[in-house]
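To keep things clear, I will list the structure first and then write my remarks on it.
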Amino acid sequence: MNVVNGMLKSFFENIFKMKVLLFLIAMFAAASLFVPYFFTSLNLVNLLTSLCIYGIMAYGMTYVILAGELDLSVGAVMAFSGVLLARLIPEIGTVAAIFVVLAVGIVIGAINGFLVSRLGLHSFVVTLSVMFFYNGLALSVAGGGPILTRDPLLNWLGNGSTLSIPNQIWLAVILFFIAHYVLRKTRFGRNVYAVGGDQQVARLTGIKVGFYKLGVFAISSFCAAIGGVLLTGMQNSASPIAGSSAAFSIITAVVIGGTSLTGGEGSLVRTVIGLLIFGILDNSLSLLNVNPFHQTFYKGVLLVFVIAWDYYSRHKRAVQTPGG
Amino acid sequence: MNILEMNNINKSFKGVQALRNVSLSVETGEVHGLLGANGAGKSTLMKILSGVLQPDGGEIRFKGEKVSFSSPLAAQAKGIAIIHQELSLVQSLSVAENIFLGRLHGKSFNINWKEVYQEAEKLLSRVGAHFSPKTLVRDLSVAEMQLVEIAKALSFQAHLVIMDEPSAVLSGPELERLFDTIESLTQNGVTVIYISHRLEEIFRICDRITIMRDGQVIETRKVAETTREQIIQGIVGRSMNEEFPAKDPVPLGDVVLSVRNLTLKGRFENISFDVRSGEIVGLAGLVGAGRTEIVRCIFGADRFDQGEIIYKGKPLKVKNPGQAISSGIALVPEDRKNHGLITRFSLRLNLTMSNLKKVSRWMFLQRKKERMAGEQLVEQLQVKTPSIEQLAVNLSGGNQQKVVLGKSLFSDADLLILDEPTRGVDVGAKREIYDIILGLAKSGKSVILISSEWEELLALSDRLIVLHEGKLKGELAGAEATSEKIMQLALA
Amino acid sequence: MGDAKVLHDVQKQTVQKETVKNQTGKRTGGWKLRIGIADLGPVVALAILLIVGSVMSPVFMTKENIFNILSQIAKLGLGALGMTYVMISGYLDLSIAGILSLCNVMAVGLERSIGTVPAVLIVLALGTFIGLVNGTLLRLIKGDMGASVMITFGTGTILSALALIYTGGYSIRADDDPLFYWFGNGKISGLPVVVIFFFICAVIFHIVLKYTSFGRSLYLTGANPEAARLSGIATARVRTVAFMLMGAIAAFAAVVVSSQTVSASPVAGANYELDVIAAVVIGGTSLNGGEGSIFRTIIGVLLIGVLSNLFILIGLSTFDQMMAKGLIIIAALIMDKYKHLGMSRG
């Protein structure tokens, strides 16, 4: 119980320091006032549910960004996971297939992590190439088009509810608490911060940087695999081209929340706030019947603004450090 | 009893012998100074001792037992802590997290933050730090960061603490506090190895010293039985008649630079001073005084809020260093390796980059002109290098600094701003740089000199301007200036 | 002269003190290409591919096929020239997908309304302007490479959206105009015009890079932006010019592409930035900035072009091609990394 108390206390302590939270509240208020149908229970539940898949993937992405890297392959891994799942279910049954897909997700992530940490390659280009690869692989395995799945368990996971709350939301919330706890309260989590904050210092301290980089990528791909499973369940089909813009939407959300791209700074709470902000914007634009092309335009403007702000404010802060 | 014995340590890198049969003994509870020129092997030896590197041969006995360290953590576990020259702190994390980096969980599985902060608080008060352990390291001053480093070393319950040039960024009261900390460490039975170029400090706090040169130990002696001359001779291998050159009086010309009421919020305010041609003006002060910030503003590297700069009679409006350089101002930055040079490029490229126009015609580079200019500068400054195509990274600190100076000369600067020009430069090269600086003044150029070594400032400057926390505290004419007077003004 | 060789051989020299012979002893003609050991890997790979290709397929080495390859890679090659500049200066430009999409639909759209020549000029100006915006944004926020990745991705997304808005999502067909048609399909004494365009651009880009002070500034800026700035190089301006050249040549590639198909698609730029970066990286220009050359980029472009052609000739499916592309880029990165590791102190 003490653990939960401690977490709640620091939670509220930090909340009032966060400007993003205020921004979120302001956005929510504005949307409720000006966007028709926004403040209805149906819409709000839809909104939250729609954020779950990207949300879970964003937890993983947060770990990667905290460690100072980027994982652009999450969309492709998600699509591939779905396709693999759909192909395996008829062979080995749903539960086994899910386990296999999740395990494959971890392996994919480990390979990414290996390429980045052991071989020291830029995470941006590596995960971009990997994305190519898994996109191609997904299309290959799926034979070029979506695969229908008519699996009751999968459908229940993606569309069912327990105690009248959608299962997706349950999963997202439970995973949030686990991921947050690990990040804040375990050696693993804190070392991720150290690795992202200053790799050299971390290494000199005896922290195995390679292990952590591998670990965060494994976590990220694992989350992407979960996303693939949920998406397939939700749509009752696996599409090999799903999630083509997932990586950047997720990264946008994480950065909006305030986790810095240079690493070592940020938190899962921030990621959730960023996701909500992004989700409210997306939802509002759809409700306002804004042309989808225009929507992409606005999201692009938002991304540029948020990134520019992140870098600008960080630069300003750096200038404050005293010298001689 | 000797707490440490290193016997016949050998280490080479890719065929270059860095350490040759080095033996070092340190007595328990003493402050043992380690001196030598850059490249003498001090850092390498300490890296082996602290587990960062492994020796090729030899043995280490710590507290009587034979030890071998495969990693820094192994050395720390045995009770050896090292405070590096480049502070090893993670800027984005808090003080407490940095102190216990990688060890936050203690013996349990999860982290008890309350305990962590409490322990950190205790360590901080031991070193006389007044800030909260929750402060982010990036919000601290450099001197405060050093305290965190020392607290970190204490947290390992180290028996032997190695300090690699800890005073490079300190002066005045911060230095005093460092010495107090060292003294309290030794009083508690902790042994200290102190690496420094600053001879005043060595005489002040060390009991014995070991001098290294070219990868070997030259001698170990008691400080009480050593003179400054003997130390210099040990380091350099020949006797230096003067550490500092004699300063001939140089006729001063007109005012070249006039700084009026220069202000940058939070850094410095109302700074006004003049510099004449042929004059060397020294800026003295403690860390945080704002000297580097001021000169960077003069150079156009940073913006300032108020005030004006008049250069050669006209108001100077530079928005970037390029404009300053075209006007005739040059800066030799504090951080030579990262800001002064592009280390992976050749000397030729480094020397000419400040004035590409001079070696181009209609945008096209003239190779012959460039080569001749480069060779001429290397000759003029006596840079030790087989050719101008040599990569900058291969040069010693002193020669690298000469290249940076050469680059400034190449831009035909009339006003040269030198920020810590001899930091990390060994004694022999220092003297050569002093001669170059005096030569510049003699030829009618103006120099603004920043240095944390007040003796250096006193020897070279015509006038000294003393700053304290962003305010101009006083001016001292060369003749009447002494370290004590500087100290008085720097503190007031 | 000695310059090109030094910059290529930066990797070759070790960190030991060794006697380096003064390399400016011999004078050679100004326009000769200087090739160092670092360039050999991709060249060898290309040679191997050419041999494999001619073995595997009888049509490979025919004149039609070669011209076919060259025309196909015009789009890629032009973009790669600009990206080389940007990469050497220490940045990346992911907006070229958007530039290509927007410029190609605008080229056709304007061609239909105001004619080929004004359309081409306006589109080139637009591309240059976009580059100016990219560079200015990055200058204002004092961004590093990571910032350039994210910001240009954002601007690229905006431009792609604009392309879709402009055409309402549809492809548009150009009016018949022999001049417009000529850009992408014309021939001069049997050689496709696009190949000539590319060759001319490549030569110009090469000369500027190796022999002018601007080119030198690109290398200095990319190797250590702060040191270059404090030494008087106008780093922000240099990088912005690189972006502007990138934008202009991407716009030109858009004109060529729309001319080749006599139509324009608002998603013509899909994956363009990835392909271009892949070509430059495979050729051997480093992502870290401060090194690279047009020669290397051309080899990289040829490699990708020949490879794509081979894939089609041997009947590899599109999906398998994507997988292969991903693997090849990773292989190229690994080789690049080992090249560096082998050369410097561990």
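Kindly list the number of the only condition in (1) under 25 Å from B:Leu104 (Cβ atoms); (2) more than 10 Å from every other protein chain (Cβ to nearest Cβ) that fails for A:Leu276.
Against the list (1) under 25 Å from B:Leu104 (Cβ atoms); (2) more than 10 Å from every other protein chain (Cβ to nearest Cβ), A:Leu276 comes up short only on (1).
How many residues does the stretch B:120-154 hold that are buried (at least 23 other Cβ atoms within 10 Å of the Cβ) and not in a helix (DSSP H, G or I)?
Here the count works out to 2.
Mind checking which pairs have a first residue in the stretch A:146-162 that is over 13 Å from A:Gly228 (Cβ atoms) and a second that is surrounded by 19 or more Cβ atoms within 10 Å (Cβ to Cβ) and aliphatic (A, V, I, L, M), Cβ under 6 Å, 6 or more apart or different chains?
A:Asp151/A:Ile89; A:Asn159/A:Met234
So which residues in the stretch B:387-420 are under 16 Å from C:Ser231 (Cα atoms), within 22 Å of the chain's Cα centre (by Cα) and outside any helix (DSSP H, G or I), if there are any at all?
The answer is B:Leu416, B:Ile417, B:Leu418, B:Asp419.
Looking at (1) surrounded by fewer than 23 Cβ atoms within 10 Å (Cβ to Cβ); (2) part of a helix (DSSP H, G or I); (3) touching a residue at least 40 places away in the same chain (Cβ under 8 Å), can you tell me which one C:Phe319 breaks?
(3)
Working only within the stretch B:353-375, note down all residues that are crowded, with 18+ Cβ neighbours inside 10 Å and within 25 Å of B:Asp302 (Cβ to Cβ).
Of everything in the stretch B:353-375, those that are crowded, with 18+ Cβ neighbours inside 10 Å and within 25 Å of B:Asp302 (Cβ to Cβ) turn out to be B:Met353, B:Ser354, B:Asn355, B:Leu356.
Just give me the residues in the stretch C:270-285 being crowded, with 23+ Cβ neighbours inside 10 Å and small (Gly, Ala, Ser), in sequence order.
C:Ala278, C:Ala279, C:Gly283, C:Gly284
Within the stretch B:265-278, does at least one residue satisfy the condition of being among the β-branched types (Val, Ile, Thr) and modelled with pLDDT under 90?
Taking every residue of the stretch B:265-278 in turn, none turns out to be among the β-branched types (Val, Ile, Thr) and modelled with pLDDT under 90.
Looking at A:Thr252, is it in contact (Cβ under 8 Å) with a residue 24 or more places away in the chain, surrounded by 24 or more Cβ atoms within 10 Å (Cβ to Cβ), within 14 Å of chain B (Cβ to nearest Cβ) and hydroxyl-bearing (Ser, Thr, Tyr)? Explain how you work it out, then say what you get.
On the way: in contact (Cβ under 8 Å) with a residue 24 or more places away in the chain: yes; surrounded by 24 or more Cβ atoms within 10 Å (Cβ to Cβ): yes; within 14 Å of chain B (Cβ to nearest Cβ): no; hydroxyl-bearing (Ser, Thr, Tyr): yes.
No, not satisfied.
How many residues, within the stretch C:282-303, are in contact with a Gly (Cβ under 9 Å, 6 or more places away or on another chain) and over 20 Å from C:Ile200 (Cβ atoms)?
The qualifying residues number 10.
Counting just the residues of the stretch B:21-56 that are in a strand (DSSP E or B) and either at positive phi or surrounded by fewer than 16 Cβ atoms within 10 Å (Cβ to Cβ) (or both), which one comes out modelled with the lowest pLDDT?
Filtering first and then ranking leaves B:Gly36.
How many residues, within the stretch C:224-237, are surrounded by fewer than 24 Cβ atoms within 10 Å (Cβ to Cβ) and out of contact with any Pro (no Cβ under 7 Å at 6 or more places or on another chain)?
Adding up the residues that qualify gives 4.
Does the stretch C:260-269 contain any residue that is buried (at least 21 other Cβ atoms within 10 Å of the Cβ) and in a helix (DSSP H, G or I)?
no
When B:Ser196 is evaluated against the numbered criteria (1) out of contact with any Ser or Thr (no Cβ under 7 Å at 6 or more places or on another chain); (2) under 28 Å from B:Arg291 (Cβ atoms), which criterion, by number, is the only one it fails?
Going through the list (1) out of contact with any Ser or Thr (no Cβ under 7 Å at 6 or more places or on another chain); (2) under 28 Å from B:Arg291 (Cβ atoms), B:Ser196 breaks only (1).
If you check C:Val257 against the conditions, is it touching a residue at least 12 places away in the same chain (Cβ under 8 Å), in contact with a strand residue (DSSP E or B) (Cβ under 9 Å, 6 or more places away or on another chain) and away from chain A (no Cβ under 14 Å)?
Details: touching a residue at least 12 places away in the same chain (Cβ under 8 Å): yes; in contact with a strand residue (DSSP E or B) (Cβ under 9 Å, 6 or more places away or on another chain): yes; away from chain A (no Cβ under 14 Å): yes.
Considered against the rule, which asks whether it is touching a residue at least 12 places away in the same chain (Cβ under 8 Å), in contact with a strand residue (DSSP E or B) (Cβ under 9 Å, 6 or more places away or on another chain) and away from chain A (no Cβ under 14 Å), C:Val257 comes out as yes.
Quick check on the stretch A:146-162. Is at least one of its residues more than 24 Å from A:Met78 (Cα to Cα) and either in contact with a helix residue (DSSP H, G or I) (Cβ under 9 Å, 6 or more places away or on another chain) or surrounded by 21 or more Cβ atoms within 10 Å (Cβ to Cβ) (or both)? Even if it seems obvious, please write down each step before you answer.
Our first condition is that a residue be more than 24 Å from A:Met78 (Cα to Cα); within the stretch A:146-162, this holds for A:162.
Then drop every residue that is not either in contact with a helix residue (DSSP H, G or I) (Cβ under 9 Å, 6 or more places away or on another chain) or surrounded by 21 or more Cβ atoms within 10 Å (Cβ to Cβ) (or both), which leaves A:162.
The answer is yes; a qualifying residue exists.
Can you tell me which residues in the stretch C:137-164 are assigned to a helix (DSSP H, G or I), within 21 Å of C:Thr221 (Cβ to Cβ) and facing chain A (nearest Cβ under 7 Å)?
Once the filter is applied, which keeps residues that are assigned to a helix (DSSP H, G or I), within 21 Å of C:Thr221 (Cβ to Cβ) and facing chain A (nearest Cβ under 7 Å), the stretch C:137-164 yields C:Leu137, C:Ile141, C:Gly146, C:Ala147, C:Val149, C:Met150, C:Ile151, C:Thr155.
Could you check, for the stretch A:229-240, whether at least one of its residues is under 27 Å from C:Ser160 (Cα atoms), within 13 Å of another protein chain (Cβ to nearest Cβ) and either modelled with pLDDT under 90 or buried (at least 20 other Cβ atoms within 10 Å of the Cβ) (or both)?
Within the stretch A:229-240 (the criterion being under 27 Å from C:Ser160 (Cα atoms), within 13 Å of another protein chain (Cβ to nearest Cβ) and either modelled with pLDDT under 90 or buried (at least 20 other Cβ atoms within 10 Å of the Cβ) (or both)), the answer is yes, since at least one residue qualifies.
Return yes or no: is C:Ser317 away from chain A (no Cβ under 12 Å) and more than 30 Å from B:Thr343 (Cβ to Cβ)?
No; evaluated as a whole, the condition is false for this residue.
When the stretch C:171-200 is examined, which residues are found to be in a loop (DSSP other than H, G, I, E, B) and either basic (Lys, Arg) or at pLDDT 90 or above (or both)?
The first filter runs over the stretch C:171-200 and keeps only residues in a loop (DSSP other than H, G, I, E, B), leaving C:171, C:174-177, C:186, C:189-190.
C:Ser171 - this is the single residue of the stretch C:171-200 that is in a loop (DSSP other than H, G, I, E, B) and either basic (Lys, Arg) or at pLDDT 90 or above (or both).
Can you say whether C:Glu273 is within 14 Å of chain A (Cβ to nearest Cβ) and either out of contact with any strand residue (DSSP E or B) (no Cβ under 9 Å at 6 or more places or on another chain) or part of a loop (DSSP other than H, G, I, E, B) (or both), as far as the supplied structure shows?
Taking the combined requirement at face value, the residue satisfies it.
Going by what's in this entry, would C:Met335 be described as touching a helix residue (DSSP H, G or I) at 6+ places or on another chain (Cβ under 7 Å) and facing chain A (nearest Cβ under 10 Å)?
Numbers: touching a helix residue (DSSP H, G or I) at 6+ places or on another chain (Cβ under 7 Å): yes; facing chain A (nearest Cβ under 10 Å): no.
Taking the combined requirement at face value, the residue does not satisfy it.
Here are some residues: B:Ser446, B:Ser387, B:Ser411, B:Ser396. Which one is over 22 Å from B:Arg371 (Cβ atoms), out of contact with any Leu (no Cβ under 6 Å at 6 or more places or on another chain) and either of a type outside the set (Phe, Trp, Tyr) or in the same structural domain as B:Ser327 (by TED's automatic domain parsing) (or both)?
Only one candidate passes the filter, namely B:Ser396.
Determine which member of the set C:Thr261, C:Thr285 is farther than 14 Å from C:Gly79 by Cα, hydroxyl-bearing (Ser, Thr, Tyr) and over 12 Å from the mean Cα position of the chain (by Cα).
The match here is C:Thr261.
Among the residues of the stretch C:289-305, is any under 22 Å from A:Arg118 (Cα atoms) and of a type outside the set (A, V, I, L, M)?
Yes.
With a cut-off of at least 2 residues that are crowded, with 22+ Cβ neighbours inside 10 Å and more than 14 Å from chain C (Cβ to nearest Cβ), name the helices (runs of 4 or more DSSP H) lying wholly within the stretch B:281-352.
Because the criterion is at least 2 residues that are crowded, with 22+ Cβ neighbours inside 10 Å and more than 14 Å from chain C (Cβ to nearest Cβ), the helices (runs of 4 or more DSSP H) in the stretch B:281-352 that meet it are B:291-298.
Does B:Arg267 meet the test of being among the charged types (D, E, K, R), surrounded by 13 or more Cβ atoms within 10 Å (Cβ to Cβ) and within 14 Å of chain A (Cβ to nearest Cβ)?
Answer is yes for this residue.
Out of C:Lys187, C:Lys210, report the one residue that is in contact with a Ser or Thr (Cβ under 8 Å, 6 or more places away or on another chain) and of a type in the set (D, E, K, R).
The conditions single out C:Lys210.
The values are calculated or read from the model by the stated rules, or taken from the named source; none is laboratory data. Just so we're clear, the structure is a prediction, and the values are computed from it rather than from any experiment. Glycine also receives a Cβ, built like all others from the backbone with ideal geometry; neighbour counts cover every protein chain displayed.
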